Amino acid sequence: MNQPGQLAARGAAALEQAFIRRRERGGKCLVTYIMAGDPDLGTTGKIIQGLSSVDVDVIELGLPFSDPMADGPVIQAAGQRSLRQGTSLSKTLKLVEEIRLTIDTPIVFMTYYNLFYRYGMERFAEDAARAGVDGVIVPDLPLEEADEFNALLEKHGLAYIYLIAPTSTNARIQSIADKARGFIYYVSRTGVTGEQKSIAEDLAENVERIHSITDKPVAVGFGISSPEQASQIASHADGVVIGSAIVRLIGETAELHERVTARFVKPYIEALHSNG
Amino acid sequence: MAVTPPAALAPALPDSQGRFGVYGGRFIPETLMPAVDELEKAMDEALADDSFRAEVDAYLKDYVGRPTSLYFAERMTQDLGGAKIYFKREDLAHTGAHKINNTIGQALLARRMGKKRVIAETGAGQHGVATATACALLGLECIVYMGEEDTERQKLNVYRMKLMGAKVVPVTSGTRTLKDAMNEAIRDWVTNVRTTHYIIGTVSGPHPFPKMVREFQSVIGRESRIQMMDREGRLPGVCVACVGGGSNSMGLFNGFIQDENVRLIGVEAAGKGVETNEHCASLTKGEPGVLHGALTYLIQDRDGQIAPVHSISAGLDYPGVGPEHCYLKDTGRAEYVSITDDEALDSFTYMSRMEGIIPALETAHAVAHVRKIAPDMSPDQIILVCLSGRGDKDVEAAARYLKEVFE
């Protein structure tokens, strides 16, 4: 269990340490995605506590956007529920600030660029660093467009987490690896977020391709829906991201969300943390 | 008539990053980046290839029926009592709107790139019909995403697309209109990017789409310029066109953009009024932001969430606008005004009675603005209007609306 002070650093350094520590302990990282404000921000806080208590390595906090072009139906629906609750970037920053009093697990924000652009990139970098956010993932801000935001985040110690896709060329992977801090997010297949029955055929080959170019940690996300799949992917990658499966559960369950999500991720923890 | 542009007149923008000033760019998932790189390269090669240009020109001539005519609207001119009014008759192009200029070009490019599957988004259905048409012509598979609300507003066009072998997918997410159709098309593209070309219907989206669509639509401005010189021996004082995403206006403006004395006016949809929350006048009331791959003026709230928009015209019902229009607005080269639903409907009937031409509701916005400015101009001045599409598709919706007004 992560206690305050256990990871001294924040930002990109906290993310990098999380991957190093897990590797040293002979395991792979579990990254869990949840939608902030689904069903409400108070519950999101409790879910984060619950995930932290079962030793999830990184928490990805999705922020709702009206037009989520990289997301499948499950996360789209969660975003709509969250927007109806009035969730915003500033409210979510406040939540993280409160949570940081009790938990140390690295937190990254994942949402679309317009929310940051509108909030002001520099203002966000400052406020996010103060609140204790460690990095951001922006699915619609690729390498060519990310320099300004990356530099502002770096100035405040935060990681801009780049995505690599199955279609990325080696030249692009090299350019991304040169700029990457924290970890690299490999999108497991061409498509949008959502659970899939099978793993993409070229996944192992592509993760190996990234590893041959850089020694920065690689977490694999998009479409992973069982501990077995997670375990299989972890034999190639440094971490696995679970998203839609948890978000679907939160949307469907009437039980206490923090209890049900913590219970849900346990088999993934078992599959990954012993997967050297 | 030569359709290919002289290289010397090719505009310098966008820059190598796809920017028109600060606007434009490529704000898309990494998965799509290699595809837009490939597309940009293929587009540049094709546009520099005389045989490709000849192929496009041949289809535009024999299949689309270009050049479309330049028509002097004598009765309207007399009635308004001011400037001489000319219409560039894009409504006479095959399928009844300017959209075909772009879809023929892009479908030929898709075929040249070896892509056998084509997707498109559509609002009013005119771009969907034009895409279905080009795909039928070239034997390409065609899937069109259309907001569920628009499939109801534009039933005729849904049937036309199906008739030509396209699959029409009603989009039920979000506001069930054009922007949601575009979200869904992008989701399809990101999934099937290796086999699929996405024919975006307007001068919007990630680079190189704003440039590519402008190149294919600029035939409107090139022809108009030549026809105007032939007819009047001089250029128009004012060019007017409606702006949703802005492809017919960009096509027209591009022919006159270097003529500093020609005023360029884009007409947006003010819906129930720009002072209400029910309009889609992005340039008039929006603020810069990023949607669907480009930095552009958007109708959005304080947090950056895209706001619901409204127009009686499904083709203008979109919260963004092409990035080059943002640049033309900021630099002052073009002016942008807006017209309400009621004003557009009034001009829909006015144009029908005055000239025997039923304009598309989109086009009726441009006509409405001409009625405002023509009377104050002198008879030796010329207004050139892009008659972007015919209004057959809107007759049912307009009749329903007008009945409420008249009863």
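Values quoted throughout were computed directly from the atomic coordinates according to the rules given, and no laboratory measurement underlies them. This structure is a prediction, so every number in the text was calculated from the model and none was measured. All Cβ positions, glycine included, derive from the backbone under ideal geometry; neighbour counts span all protein chains shown.
Tabulated results
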| quantity | calculated |
| --- | --- |
| Sparse-neighbourhood loop sites, GluC sites (Glu not before Pro) in the stretch A:150-233 - DSSP loop, at most 14 other Cβ within 10 angstrom | A:Glu201 |
| Chain B - Cys residues lacking any other Cys C-beta under 4.7 Å | B:Cys239, B:Cys242, B:Cys280, B:Cys326, B:Cys386 |
| Euclidean distance of C-alpha centroids, the stretch A:205-276 and the stretch A:51-81, integer Å | 14 Å |
| Charge sum, other residues only, whose C-beta stays under 11 Å from B:Lys285's C-beta, Lys/Arg counted +1 and Asp/Glu -1 | -3 |
| Contact order relative to length of the stretch A:12-273, as percent, for alpha carbon pairs under 8 angstrom and 6 or more apart | 25 percent |
| Within the stretch B:89-123, trypsin sites (Lys or Arg not before Pro) in DSSP loop having at most 15 other beta-carbon neighbours inside 10 Å | B:Lys116 |
| Estimated [θ] at 222 nm from DSSP helical runs (n ≥ 4, -39500 (n - 2.57)) normalised by residues in chain A, nearest 500 | -14500 deg cm²/dmol |
| Rg(Cα) / (2.2 N^0.38 Å) computed for the stretch A:12-273, rounded to two decimals | 0.91 |
| Other protein chain Cβ atoms within 10 Å, averaged over every residue that makes up B:21-30 | 6 |
| Using θ = phi - 60° and Karplus 6.51 cos²θ - 1.76 cosθ + 1.60, couplings along the stretch B:290-297 (whole Hz; Gly, Pro as x) | 10, 8, 6, x, 9, 7, 7, 6 |
| The protein assembly as shown: antiparallel DSSP beta bridges as a percent of all, rounded to 5 | 20 percent |
| Derived scalar couplings ³J(HN,Hα) [the stretch B:70-78; Karplus, 6.51 cos²θ - 1.76 cosθ + 1.60; whole Hz; x for Gly, Pro] | 9, 10, 7, 8, 5, 5, 5, 4, 5 |
| Given B:Lys61/B:Lys211; B:Lys88/B:Lys155; B:Lys99/B:Lys372, the pairs whose alpha carbons are separated by over 25 Å | B:Lys88/B:Lys155; B:Lys99/B:Lys372 |
| Set of lysines near A:Lys94 by C-alpha distance (under 22 Å), chain-local residues within fewer than 8 positions excluded | A:Lys46, A:Lys155 |
| Long-range amide H partners of A:Met110 with built H, under 5 Å | A:Leu61, A:Gly62, A:Leu63, A:Ile137 |
| Over the stretch B:1-146, relative contact order from alpha-carbon pairs under 8 Å, at least 6 apart, % | 15 percent |
